[in-house]
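Notes for the one structure printed next.
The values are calculated or read from the model by the stated rules, or taken from the named source; none is laboratory data. Note that the structure is predicted; figures quoted are calculated from it, not measured. When we count neighbours, we look across all protein chains shown, and the Cβ atoms used for this are built from the backbone with ideal geometry, even at glycine.
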Amino acid sequence: MQNQKNIQEISKLWITDKKQYVKKSTISAYVLLTENHILPVFGNHKVIEESEVQTFVLQKIEQGLSHKTIRDILIVLKMILKYGAKHKYTIYTPFELQFPTARTNQKLEILSRSEQVKIMNHIQEHFTFKNFGVYLCLSTGLRIGEICALQWKDIDELDGLISVNKTIQRIYTIENGIRKTELLIDTPKTKNSIREIPINRSLISKIKSLKKVVNPNYYVLTNEAKPTEPRTYRNYYKNLMTDLNMPNLKFHGLRHSFATRCIESKCDYKTVSVLLGHSNISTTLNLYVHPNTEQKKKAINQMFRALK
């Protein structure tokens, strides 16, 4: 193979090619996984054997990475190798890899009903724009990037709808060998994430009074022309939860709590999936629909009654 190159060289060519077709935030994610995980292990390799990748997987599990993160790394590695094989820079044979069987189900982090009510009551009594963002997330299931990018003009108080059409994130870039980060406001990654979410009457009345005095182009969390970024808002949220003696719940737990309350209220699963902006309903079902003991007993009893 005369044009043979190592993985580091191939990855640079692949990234340059990919930039033509995918969003800047996606390229950032690819570069981050490549720089942090793939190149330190395989950068100097010209060919990668299946056994080496299997060892790599087991090492990453040992380091505490989730199966999802490892699979994301493998997806990027396979794309690099396929690109290299296509241009005859390397040889690629599909891997058949194994992951250790998960022995426990990871429990979803959510607020209890009483905890959620306590937070929402506190925010109603101690209004700030940043507090209001937490209230909105508990009421709509917005992701942190979506709430940080939300502007007053995205809220239609007459029809009672929030339009989710952009997200904000700090992305990692390498330009001319210089590593840096930049704050990026862009459309959501998938078309399903662009959505409209209804808001309840009490929230509409609050927003109506606010929108009489705010600039429609200002961001909701800052009420200024400049937004706050997710990392900063996460820190604010963490301090708020500590002040209220709440569980050490990740910000994404607000979204999980919203979805769980919807399911508990007997909302149909398809509607919940659309409200959350999931790509397909199976994501919603896998995350939030878990029959409890009483539901299981009811199913068994119904089956035996049918047999009689």
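Listed values, structure above:
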{"read-out": "Residue 69 being of a type in the set (Ser, Thr, Tyr) and not assigned by TED's automatic domain parsing to the domain that holds residue 44", "value": "no"}
{"read-out": "Subset of the stretch 14-53 (residues that are among the small types (Gly, Ala, Ser) and either surrounded by fewer than 16 Cβ atoms within 10 Å (Cβ to Cβ) or in contact with a His (Cβ under 6 Å, 6 or more places away or on another chain) (or both))", "value": "43, 51"}
{"read-out": "Check on residue 27, touching a Pro at 6+ places or on another chain (Cβ under 7 Å) and not in a loop (DSSP other than H, G, I, E, B)", "value": "no"}
{"read-out": "Single condition residue 65 does not satisfy, out of (1) farther than 22 Å from residue 175 by Cα; (2) part of a helix (DSSP H, G or I)", "value": "(2)"}
{"read-out": "Considering residues of the stretch 166-225 that are assigned to a strand (DSSP E or B) and aliphatic (A, V, I, L, M) only, the residue surrounded by the fewest Cβ atoms within 10 Å (Cβ to Cβ)", "value": "178"}
{"read-out": "Sole exception among (1) in a helix (DSSP H, G or I); (2) under 27 Å from the mean Cα position of the chain (by Cα) for residue 84, by number", "value": "(2)"}
{"read-out": "Hey, residue 91 outside any helix (DSSP H, G or I), of a type in the set (Val, Ile, Thr) and surrounded by 12 or more Cβ atoms within 10 Å (Cβ to Cβ) or not", "value": "yes"}
{"read-out": "Extreme residue, nearest to the chain's Cα centre (by Cα), among residues of the stretch 1-13 that are surrounded by 16 or more Cβ atoms within 10 Å (Cβ to Cβ) and not in a helix (DSSP H, G or I)", "value": "6"}
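Condition check ((1) of a type in the set (A, V, I, L, M); (2) not assigned by TED's automatic domain parsing to the domain that holds residue 38) across all residues:
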| residue | (1), (2) |
| --- | --- |
| 57 | yes, no |
| 64 | no, no |
| 76 | yes, no |
| 80 | yes, no |
| 92 | no, yes |
| 97 | yes, yes |
| 107 | no, yes |
| 140 | no, yes |
